[in-house]
1. Taking the condition part of a loop (DSSP other than H, G, I, E, B), surrounded by fewer than 20 Cβ atoms within 10 Å (Cβ to Cβ), in contact (Cβ under 8 Å) with a residue 24 or more places away in the chain and not polar (S, T, N, Q), does ASP450 pass?
2. If we scan segment 372-382, do we find a residue that is among the acidic types (Asp, Glu), part of a loop (DSSP other than H, G, I, E, B) and buried (at least 18 other Cβ atoms within 10 Å of the Cβ)?
3. From the list PRO53, PRO58, which one is within 19 Å of the chain's Cα centre (by Cα), at pLDDT 95 or above and over 16 Å from GLU162 (Cα atoms)?
4. Under 7 Å between Cβ atoms, which residue pairs at least 6 apart in sequence (or on different chains) link something in segment 97-120 that is acidic (Asp, Glu) with a partner that is not in a loop (DSSP other than H, G, I, E, B)?
5. Among the numbered criteria (1) among the aliphatic types (A, V, I, L, M); (2) within 29 Å of ASN378 (Cα to Cα); (3) buried (at least 23 other Cβ atoms within 10 Å of the Cβ), which single criterion is violated by LEU137?
6. Surrounded by fewer than 20 Cβ atoms within 10 Å (Cβ to Cβ), in contact (Cβ under 8 Å) with a residue 12 or more places away in the chain and in contact with a helix residue (DSSP H, G or I) (Cβ under 6 Å, 6 or more places away or on another chain): does that describe THR55?
7. Hey, any hits in segment 291-305 for a residue that's of a type outside the set (Phe, Trp, Tyr), within 24 Å of the chain's Cα centre (by Cα) and either at pLDDT below 95 or crowded, with 17+ Cβ neighbours inside 10 Å (or both)?
Amino acid sequence: MSVLRDDFLWGGATAANQCEGAWDEDGKGPSVSDMCTNGSHTVTKRVTQTIEPDTLYPSHEAIDHYHRYAEDIALFAEMGFKCYRMSINWTRIFPTGMESEPNEAGLAHYDKVFDECRKYGIEPLVTISHYELPFALVQEYNGWASRRLIDYYMNYVKAIFERYKDKVKYWLTFNELNCGMMPLGNVLGTGTFQGYSGPYNEVPDDPALRLQALHHMFLASAKAVKYAHDNYPQFKIGNMIAFATSYALTCNPDDILLNQAFMREMNWYCSDVQVRGAYPAFAKSIWKKYNCELATEPGDDEILAEGKVDFYTFSYYMSTAQSAAPTQATVEGNLMGGVKNPYLKASDWGWQIDPKGLRFTLNELYDRYQIPLMVVENGLGAYDKIEEDGSINDDYRIDYLRLHIEEMKKAVEDGVDLMGYTPWGCIDLVSASTGEMAKRYGFIYVEKYDDGTGTLNRRKKKSFDWYKKVIATNGDDLA
């Protein structure tokens, strides 16, 4: 008998801005992702204030999921998905974010997507905002730096909650909210890059402004949760954190304290607010560190307290280490890097592979919060090769996922309440960090390439049938 619950939500995850394409069709407005050019592992993508001619913007076509959703969802169903984590593109519903009435064509599109999921018994898990802030809100307000965005977000939330109240049960308020704790979060996270054009990783950074923007996002998230609880009791609302698992490199107390500070800042700061409904005690030390005098209004504390999420979701790809010694080798990672751990191997992109870290993370989270958990992103970005016979033998991906699922099951045996598992990029899509297609995650190969060419045809990888078997056996057969 499986250690996982009978109603375990097996599935996969995507984001609208990385897979839909059709960036200016049916009334859709430009989002922050639509202003990002292509890049690669070695060349940083750029963000622009206007669309430059003869420049490739990968989100504009992406993998054309907007027109091919039925084909793609049928493939997900063939794998046996119980759940599809996806996002709604905010600018399909409110093209600038500032309209008073939603765009009917955008609403109708997601009706069709959800109906297609329901046809196969697939439960949609919908991220309300996943790196697609309306670009007009950046131009007008410098993104979430302005408190005005809370009302615009709530207009959007109310429109989609009412429209899809009978089709969607599970919602996430923001994707990887804690990316706002890093300079890299200025573009896709907080949208605080008003007037800037240039390399994606060189946006002028004001940490105090990011912390202020996060405060507004916390309030927006809490208001969405409370609105759902008051009006749609059938809904379950979760958060979503890019979990930055980290270890002290040695037992030197300096390393231990440095790692504790890192974990507080990168992980617990955001999720404590969303799960516990209040800033943690150490928040004051973070504000002091970044010279942030947080601007609040009367009632903010009550809003946060009334908007605690029902379940906790996170992405997990890797771990890093922290060292007080300045000479240690460093590594890259999902949103953040760290010191190289000598006990771990790494992916083609230098991300350290640490399956046991997932068990550690699940236990740390459940010990702290005691609410249901869900792994909503996990996967291996790799170069996939089509063989002469048309096959794609991605055994490296199977190995990665197998090891992580094994550790996930051990965490359940440790006592963790785990709802589900949706590996990232269940179908190949545009990389959020580099803007490339070559970094592939999916069980399904999409014939689309870094120069923008490709037939967009779909083909199954070896991992497709492997994951189908995993789901069919509720995680028992991982061979």
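1. Here the answer is yes, as ASP450 does meet what is asked.
2. No: segment 372-382 contains no residue that is among the acidic types (Asp, Glu), part of a loop (DSSP other than H, G, I, E, B) and buried (at least 18 other Cβ atoms within 10 Å of the Cβ).
3. PRO58
4. GLU116/TYR69; GLU116/ALA70; GLU116/ILE73
5. (2)
6. No, not satisfied.
7. yes
One line per residue, one yes/no per condition, for (1) farther than 26 Å from TYR84 by Cβ; (2) under 19 Å from the mean Cα position of the chain (by Cα):
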position: GLY350; (1), (2): yes, no
position: ILE353; (1), (2): no, yes
position: GLU364; (1), (2): yes, no
position: ILE371; (1), (2): no, no
position: VAL376; (1), (2): no, yes
position: GLU387; (1), (2): yes, no
position: ILE392; (1), (2): no, no
position: LEU403; (1), (2): no, no
position: VAL412; (1), (2): no, no
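The values are calculated or read from the model by the stated rules, or taken from the named source; none is laboratory data. Note that the structure is predicted; figures quoted are calculated from it, not measured. All Cβ positions, even for glycine, are placed from backbone atoms using ideal geometry, and neighbour counts span all protein chains on display.
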